[in-house]
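Reading through the C-alpha cells given below for one structure.
The values are calculated or read from the model by the stated rules, or taken from the named source; none is laboratory data. Keep in mind that this is a model prediction, so the values were computed, not measured. So basically every Cβ, Gly included, is an ideal-geometry build from the backbone, and we count neighbours across all protein chains shown. These accessible areas exclude ligands, DNA and RNA; they are computed on the full protein's heavy atoms, side chains included. Shrake-Rupley method; radii C 1.70, N 1.55, O 1.52, S 1.80 Å.
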Amino acid sequence: QKKGAQAAWVAGRAELKVAAGAQFGGESAVQQAPSTMVLPTGTDTQRAFERVIRDAQDSICAQIAAADGGATFHEDAWVREGGGGGISRVLQNGNIFEKAGVNVSVVYGDMPQEALAAATGRGVDRAGKALAPGERVPFFAAGISSVMHPRNPHCPTMHFNYRYFETQNGVWWFGGGTDITPCYVDAADMKHFHGTYKDVCDKYGDHLFPELKKWADDYFLIAHRGETRGMGGIFFDDKNDWHPARHTEFAKDCLAAVVPAYVPILQKNRHKEVTEEQKRWQQLRRGRYVEFNLVYDRGTTFGLKTNGRTESILMSLPETARWEYCHEPAAGTPEAEAMDCYRNPRDWA
C-alpha cells in the first residue's frame, strides 16, 4: 500500500501542478460534483474512502431531512483550483434543526508545514521525510464532516467527522469520530448513543470502545475552561495500525451508526416544552461549542490555515450563541448536573 501510494504520487505530480503550483484556495462553484474527485493516478484506498463518504452523505442527509420534515438540504458543489473539490449540504430553519450540515471534500496539492501540524497530532513527522524550512508538503485529504444544531435545548447537538490523509513518500493515516453535546443530562439517551457506538467498536475488538471513548474525552476538552464540549462519544487520529481496507470499513460502520444513534433521541425530545431559562442555558453551551471549534478543533484549524472554503469550514458553528461574565449554574439545578458531566466525564455505556 505504501509503495503504491508513493508511486501514485510520483506519477501524478504533473497533475498536481494545477494553477500556481497547486497551492490552496480559489474555490469555484459547479452545477454538479464530478462522479469522482480522485485523480486518475489515485490509489485504491483513495477511491474506496471517497465512495464511503459520498454514499454516507447521501444516506445521512436523506434520513435527517425525513426526520426533520420541514426543510431540505441546500447543496453547493465546488472545485478547488489547487486540486479536488467538495460538496457542502446545509439544512436551515427546519422543524427540528436550526442548522444541520454535512460536508464532503476530496482535496490535494501542496500544503505548508503549519497546515500539516494542524491536521495531525503527530505534526510534521507525517511528511515522510525531513523538511527544509519553508518546504511544502504534497498531500491528499478526503473527509466527511457534520454538525447538527437542533432548536430544542432537550435535543443534543451532534457532530461526526471521518477522514483519510496521505502525504508524499507513502505516509497515510485515518482519523475521526462521532460525539454528542447535550445541554441537559438524560442518562437513557446517553446510554443509547454511547451503546450504539460501543456495538460498532466491539466488532473490531473489546479494547476499542474504551480507548476511543477516552480519546474523545481528552480531545474535546476546552482546556481554558476545564470542561469538555459535550458528553463524549468516540474519537481517533493518526491511525494506521490496521490494513487501510479495515480502517475504511470501520469508518463506514461508524457512519452507518450516525442515524440510529442520534435520531431516536431527537424524536423522544423534540416536542418537550422549553422555558426561557433553558433556552438561555442552550445559548451559553453553544458559546462553549464555538470556543472549542475556533481554538482547538483540528479540522477547523486545518481548513483556515490552508485557505479552504470558509462557508464550509464554519458550517459547524451555531446560528446564535451567548457569553455571560463568570456564569455558574446554581447548585442543585439540572444545569449544574450537566456542568458536572462536562467537568467529570462519565462512562455512559
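Quick notes on this one:
- Spread of Cα-to-Cα distances over 5 Å intervals beginning at zero, given as percent, for region 153-250: 2, 12, 21, 23, 18, 12, 8, 3, 1, 0
- Each label point was placed 7 Å from the Cα along the Cα-to-Cβ direction; for ALA223 and ALA29 their separation is 4.0 nm.
- P(r), alpha carbons of the chain - 10 Å bins starting at zero, rounded %: 5, 26, 34, 23, 10, 2, 0
- For region 142-152, 3J(HN,Hα) computed residue by residue from phi via the Karplus equation (6.51, -1.76, 1.60; θ = phi - 60°) reads 10, x, 10, 9, 8, 9, 10, 10, x, 6, 6 Hz, glycine and proline entered as x.
- In the assembled protein chains, HIS247 presents an accessible area of approximately 10 Å² (probe radius 1.4 Å).
- The helix-only estimate of mean residue ellipticity at 222 nm for the chain, built from DSSP H runs of length n ≥ 4 each weighted as -39500 (n - 2.57), is -12500 deg cm²/dmol after division by the residue total.
- Region 138-217, dipole about Cα centre (Lys/Arg Cβ +1, Asp/Glu Cβ -1), debye to the nearest 20: 140
- For region 190-274, a crude dipole built from +1 on the beta carbon of Lys and Arg and -1 on the beta carbon of Asp and Glu, taken about the Cα centre, is about 420 debye to the nearest 20.
- For PHE97, the residues 5 or more places off, or on other chains, whose built amide H falls under 5 Å of its own are ARG151.
- Listed residues TYR219, PHE209, GLY176: farthest to the positive end of the dipole of the chain (Cβ charges): GLY176
- Placing +1 on each Lys and Arg Cβ and -1 on each Asp and Glu Cβ, with no other charges, gives the chain a dipole about its Cα centre of roughly 540 debye.
- With Cα atoms as the point set, the radius of gyration and Dmax of region 275-315 evaluate to 13.2, 42 Å.
- Among the protein heavy atoms, those of SER88 account for about 10 Å² of accessible surface (1.4 Å probe, every chain in place).
- Long-range HN-HN contacts of MET111 with modeled amide H, under 5 Å: VAL137, PHE139
- When the chain is described by a simple charge dipole with +1 on each Lys and Arg Cβ and -1 on each Asp and Glu Cβ, the residue from MET111, LEU317, ALA256 located farthest towards its positive end is MET111.
- Helix screen, the chain: no DSSP H segment has Cα axial length of 30 Å or more and mean Kyte-Doolittle hydropathy at least 1.6.
- Couplings for region 84-92, taken from phi via the Karplus curve 6.51 cos²θ - 1.76 cosθ + 1.60 with θ = phi - 60°, read x, x, x, 9, 10, 10, 9, 10, 10 Hz in order; Gly and Pro are left as x.
- Scanning residues 5 or more positions from GLU27 or on other chains, those with amide H under 5 Å from its amide H are GLU81, with H placed 1.01 Å from N in the peptide plane.
- Under the simplified labelling scheme, the ALA321-ARG47 pair shows an inter-label distance of 4.1 nm, with each label point 7 Å from Cα along Cα→Cβ.
- Evaluated at q = 0.15 Å⁻¹, a Debye calculation over the C-alpha positions of region 123-203 (equal weights, vacuum) places log10 I(q)/I(0) at -0.72.
- Inter-label distance for ALA187 and THR275, nm, one decimal - labels placed 7 Å from Cα along Cα-to-Cβ: 2.2
- Applied to region 153-170, the Karplus parametrisation 6.51 cos²θ - 1.76 cosθ + 1.60 on θ = phi - 60° returns per-residue 3J(HN,Hα) values of x, 7, 9, x, 6, 9, 9, 9, 7, 9, 8, 9, 10, 10, 10, 4, 6, x Hz, with x for Gly and Pro.
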